[in-house]
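A short write-up of the structure that comes next.
The values are calculated or read from the model by the stated rules, or taken from the named source; none is laboratory data. For clarity, every value in this text was computed on a predicted model and none was experimentally measured. All Cβ positions, glycine included, derive from the backbone under ideal geometry; neighbour counts span all protein chains shown. Side chains included, ligands, DNA and RNA excluded: accessible areas come from the protein's heavy atoms. Shrake-Rupley method; radii C 1.70, N 1.55, O 1.52, S 1.80 Å.
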Amino acid sequence: MGQTDLTPPLGFDGGRAEVDPPAAGHFAEQPVRPSDLLLRAGCQALVPLRSALGLRRAAGALRHYLHGTGAPYRVDADALLALPAVRSAAGEQLDRWRAEALEQWRDGPRTAAAYPADSGWREVALPRAWGSADWRLALRAFAYRLTGTVRVAADGTASADYRFAVLTRWEAGRFARLHDVGLAKGFTVTGEAFGHA
């Protein structure tokens with residue numbers, strides 16, 4: 001049986017211990033104007049249009065906003081992790097974990113070992129590329145955190161088991177006024193995926 005390293009986790013510098021999703025504006029504190037009712041009607045028409053265009057994630061997020069419950073909204077973190085921009089950011093972190101684990105392993109007895117790893121919360125913005133359009137309209141940007149364990153075998157091969165967590169606050173961008181007047185409500189977006197690399 002190998003050893004487990006209990007020192008601080010690999011790959012944390014540059015990350016944040018806690019993420020504070022931006023707080024939504026004050027809910028229902030503004031009076032409703034006729035233009036707000038028109039904006040809500042336009043948003044309601046936008047939901048089926050986005051669906052018809054194949055932008056189902058963008059349609060789902062907007063629909064959830066318009067329902068006005070403010071309940072957390074869960075996204076498919078596996079699908080999000082498959083986007084090139086997200087995969088690249090997570091891949092860089094996993095590469096860093098393995099490199100740091102090998103460096104520590106080489107300084108030790110060179111037996112099988114396991115090292116805890118944590119990226120801390122980091123931000124990723126989704127690009128304007130067509131393949132990311134659905135996700136970009138649904139989220140724009142989000143915070144992610146990778147946590148896991150890097151295992152180094154006795155022969156020096158390294159692998160990582162990880163959890164990819166997503167957290168952001170859906171603020172509605174140009175539709176934020178609907179939250180302020182109580183015709184829709186911002187919400188927290190969460191998701192998680194697990195993997196091995």
Which one is least open to solvent (accessible area, probe 1.4 Å), of the residues in region 24-50 that are of a type in the set (A, V, I, L, M, F, W, C) and assigned to a loop (DSSP other than H, G, I, E, B)? 24
So residue 140 ticks every box in (1) under 14 Å from the mean Cα position of the chain (by Cα); (2) in contact (Cβ under 8 Å) with a residue 60 or more places away in the chain; (3) within 30 Å of residue 32 (Cβ to Cβ); (4) open to solvent by 20 Å² or more (accessible area, probe 1.4 Å) but one. Which box is left unticked? (2)
In region 171-185, residue least open to solvent (accessible area, probe 1.4 Å) [restricted to those that are assigned to a loop (DSSP other than H, G, I, E, B) and under 14 Å from residue 138 (Cβ atoms)]: 172
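Matching residues to (1) within 19 Å of residue 149 (Cβ to Cβ); (2) open to solvent by 50 Å² or more (accessible area, probe 1.4 Å); (3) among the aromatic types (Phe, Trp, Tyr); (4) free of Cβ contacts under 8 Å to residues at least 24 places away in the same chain:
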residue	(1), (2), (3), (4)
103	yes, yes, no, yes
108	yes, no, no, no
120	yes, no, no, no
131	no, yes, no, no
The one condition residue 194 fails out of (1) under 26 Å from residue 56 (Cβ atoms); (2) in a strand (DSSP E or B); (3) in contact (Cβ under 8 Å) with a residue 40 or more places away in the chain is (3)
Collect the residues in region 151-169 that are touching a residue at least 40 places away in the same chain (Cβ under 8 Å) and either assigned to a strand (DSSP E or B) or surrounded by 14 or more Cβ atoms within 10 Å (Cβ to Cβ) (or both), keeping them in residue-number order. 151, 152, 158, 159, 160, 162, 164, 165, 166, 167, 168, 169
Within region 51-72, of all residues that are hydrophobic (A, V, I, L, M, F, W, C) and open to solvent by 50 Å² or more (accessible area, probe 1.4 Å), the one nearest to the chain's Cα centre (by Cα) is 53
